[in-house]
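For reference, the structure discussed in these notes is given below.
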Amino acid sequence: MLRRVRSSVALLVLAIVAVGCSSSEPSSTASTLPALPITASVDQTSSPPVATPGTIAPTTATAPPSSAAAPSTEPSTSGDQGGLDNDDGYLADGTTLTLGNTGYPAIANLDPPLLAALQAAANDAAVEGLEFRVNSAWRSPEYQQFLFDQAVAEHGGEQEARRWVSTPEESAHVTGDAVDLAPREVQQWLGQHGDQYGLCQAYANEAWHFELLVEPGEACPVPIADASAG
C-alpha cells in the first residue's frame, strides 16, 4: 500500500515538472511575428517649421516694355524751332489740330468769322466721313519770321522764298485770316464746296491754304499764282 502511494506521488511530481518546463518554452507562434520597426517619437505639441521672411523670394510679374511710346496729347515742340512754342502757334512737322482745339493759340487766335465758317464746313464734311485737320493756322510774327528765314535758306533768296512764305508784315496767318488744312480729300472737298461758306483757296501753288475771301454763296476768285503775286 505504501509503495503504491509513493509511486503515485512520484508520478504527480513528474507531471508537475513537465508542465512547468512546457510553459517556460517560447511560443512557436510568437517566433513567427515580424519585428516592428523602431520609429522616433513625435512631439505632437511642437509647431511645424514656419518660413521666415526672405526664406522664399516672392514672385513678381514684370510688365514687358512698351513697344511704342504713348501718343502725346500736346502738340510737339521738339526739334529746331528757334525757341518757339505753342504760344506762337507753333506745330511741329506731322502734328495737327482739329478746329475744336480752341485751347491752343493756333486755333483760338483765328479771326472769329473765319473759324465759324471753317467749323460749319467741317460739320457738313463730317457727314461724308471727312475730318478737317489743321497743319497751321494763326502764327505769331516771330514764328512767321522764323518760317520766312528758313524759306530764304532753302530757296536761296527772298524772291523765291516769298512765293511760298510771306513776311510777317504780309502774312494772313499772322492776322489770323488763313489756315492750312489736311488731308488732300478735305482740300478737294473745300475746292468744290468752300464758296458756300465763303472759304476759298488763295494761292494756286498752295492747295492747303484757305481764307475767308467772299460772302457765303458767292463765287470764289481764281487763286493767284503764289503769295508773292498778292
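Remark: Asp124, Asp93 ranked as Asp93, Asp124, counting other beta-carbon atoms within 10 Å and listing the fewest first. Counted residue by residue at 0.36 nm each, then reduced by the alpha carbon distance between them, the extension gain from Ala120 to Ala225 reaches 35.0 nm.
Taking Cβ atoms as reference points and 10 Å as the exclusive limit, the residues near Ser171 contribute a net charge of -2, counting Lys and Arg as +1 and Asp and Glu as -1.
The charge dipole of the stretch 135-230, taken about its Cα centre with unit charges on the Cβ atoms of Lys, Arg (+1), Asp and Glu (-1) only, comes to about 180 debye.
Placing unit charges on the Cβ atoms of the charged side chains and taking the dipole of the stretch 86-205 about its Cα centre, the candidate lying farthest along the positive direction among Gly94, Gln192, Ala182 is Gln192. Remark: spin-label model distance His193-Thr167 equals 4.0 nm, labels positioned 7 Å along the Cα→Cβ axis.
Using 0.36 nm per residue and subtracting the Cα-Cα separation, the extra length available between Asp93 and Ala153 on full extension is 19.8 nm.
Taking amide H positions as modeled 1.01 Å from N, with prolines and chain starts lacking one, no residue 5 or more places away or on another chain lies under 5 Å from Tyr104.
Bear in mind that the values in this text are calculations on the coordinates, not laboratory data. Treat the numbers as computed from the prediction; the structure is a model and nothing was measured. Cβ sites come from the backbone with ideal geometry, for glycine too, and all protein chains shown count toward neighbours.
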